[in-house]
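This report concerns only the one structure given below.
The values are calculated or read from the model by the stated rules, or taken from the named source; none is laboratory data. Owing to the predicted nature of the structure, the values given are computational and were not obtained by experimental measurement. Backbone-built Cβ (ideal geometry, glycine too); neighbour counts: all protein chains shown.
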Amino acid sequence: MMNFKEGEILYFNKPLHWTSFALVKHVRYHLLRKLGIKKMKVGHAGTLDPLATGVMIICTGKATKRIEEFQYHTKEYIATLKLGETTQSFDLEHETDAYYPTDHINKEMVEKTLKQFIGQIQQIPPIYSACKINGERAYNLARKGENVELKPKLLVIDDIELLHYNMPEITIRVVCSKGTYIRALARDIGVALQSGAHLTKLTRTRVGEIKLENCLDPLLFKDWLDKQEIDLETEKK
């Protein structure tokens with residue numbers, strides 16, 4: 001029997017264009033309606049950009065204390081990069097701002113370059129990110145046109161694999177630690193290839209042991225909730 005106040009851990013496939021906050025709000029709304037209560041703690045364990053899809057862990061009630069634990073789990077992504085072009089945000093949120101040569105790039109060069117990123121790396125987060133500078137989010141400062149300088153962070157890339165090579169696009173699988181920005185990785189891969197790059201598609205396929213196939217479509221959450229055994233009396237206390 002489920003008890004959301006005592007704490008449940010739910011796995012969702014975050015849809016394209018949804019913010020992480022929108023998914024939390026959606027889950028909380030349906031939980032409150034179902035349980036007939038006015039408030040409940042609901043939080044997610046690791047942000048996904050609006051243009052990314054995939055595994056998002058949501059904790060309810062007392063299980064929100066475990067959010068940090070889940071954030072430290074290894075993550076796996078499938079990312080499609082377009083080479084030869086960059087954008088300010090390193091994804092499709094912004095228009096192309098520069099073009100670079102790609103004629104010198106071949107599959108062997110890409111595979112060799114990707115290997116350089118395996119292990120501990122220093123990564124400067126994107127200026128369009130949720131990193132804080134003097135208490136303000138970097139993306140808010142960037143959108144105001146202010147100069148944003150972020151310090152490099154040490155993180156670990158466990159594995160990078162080239163899945164598809166179809167110039168000017170490549171698709172890679174990345175296994176990495178907490179705090180890795182795949183958009184920034186795309187930027188750095190572009191530079192390492194003596195070109196430019198940005199993300200055109202990103203899916204988080206795994207967090208720890210939780211895989212995409214274990215995840216629920218948020219649009220089916222209400223129907224799923226209706227089928228669960230819930231101790232409604234305990235929830236309302």
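As a summary of the residue check, Gln88 satisfies the conditions (1) under 23 Å from Pro15 (Cβ atoms); (2) buried (at least 16 other Cβ atoms within 10 Å of the Cβ) except for the one numbered (1). Sub-8 Å Cβ pairs linking a first residue in the range 31-51 that is within 19 Å of Tyr11 (Cα to Cα) and without any contact (Cβ under 8 Å) to a residue 12 or more places away in the chain to a second residue that is surrounded by fewer than 19 Cβ atoms within 10 Å (Cβ to Cβ) and hydrophobic (A, V, I, L, M, F, W, C), at least 6 apart or interchain, are Leu32/Met40, ordered by first then second residue.
Rundown of residues vs (1) over 26 Å from Gly7 (Cα atoms); (2) hydrophobic (A, V, I, L, M, F, W, C); (3) modelled with pLDDT under 90; (4) assigned to a strand (DSSP E or B), yes/no style:
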position: Pro50; (1), (2), (3), (4): yes, no, no, no
position: Gly54; (1), (2), (3), (4): no, no, no, yes
position: Ile57; (1), (2), (3), (4): no, yes, no, yes
position: Thr64; (1), (2), (3), (4): no, no, no, no
position: Ile67; (1), (2), (3), (4): no, yes, no, no
position: Asp103; (1), (2), (3), (4): yes, no, no, no
position: Leu114; (1), (2), (3), (4): yes, yes, no, no
position: Gln120; (1), (2), (3), (4): yes, no, no, yes
position: Leu141; (1), (2), (3), (4): yes, yes, yes, no
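Considered as a group, the residues in the range 1-31 that are at pLDDT below 95 and among the aliphatic types (A, V, I, L, M) include one that is surrounded by the most Cβ atoms within 10 Å (Cβ to Cβ), and that residue is Met2.
Residue count for the range 118-148, restricted to those that are among the charged types (D, E, K, R) and within 20 Å of Thr180 (Cβ to Cβ): 2.
The listed residues are Glu136, Glu85, Glu111, Glu76, and the only one of them that is of a type in the set (D, E, K, R) and over 25 Å from Leu150 (Cα atoms) turns out to be Glu111.
Annotation note: of Glu136, Glu69, Glu76, the sole residue that is buried (at least 16 other Cβ atoms within 10 Å of the Cβ) and farther than 13 Å from Leu193 by Cα is Glu76.
Restricting attention to the range 213-237, the residues that are acidic (Asp, Glu) and within 15 Å of Tyr11 (Cβ to Cβ) total 2. Within the range 153-176, residues that are hydroxyl-bearing (Ser, Thr, Tyr) sit with their Cβ atoms under 8 Å from residues that are not in a strand (DSSP E or B), at 6+ positions apart or across chains, in these pairs: Tyr165/Lys107; Tyr165/Val110. Only a single criterion out of (1) surrounded by fewer than 20 Cβ atoms within 10 Å (Cβ to Cβ); (2) modelled with pLDDT of 95 or more; (3) within 20 Å of the chain's Cα centre (by Cα) is not satisfied by Thr96, namely (3).
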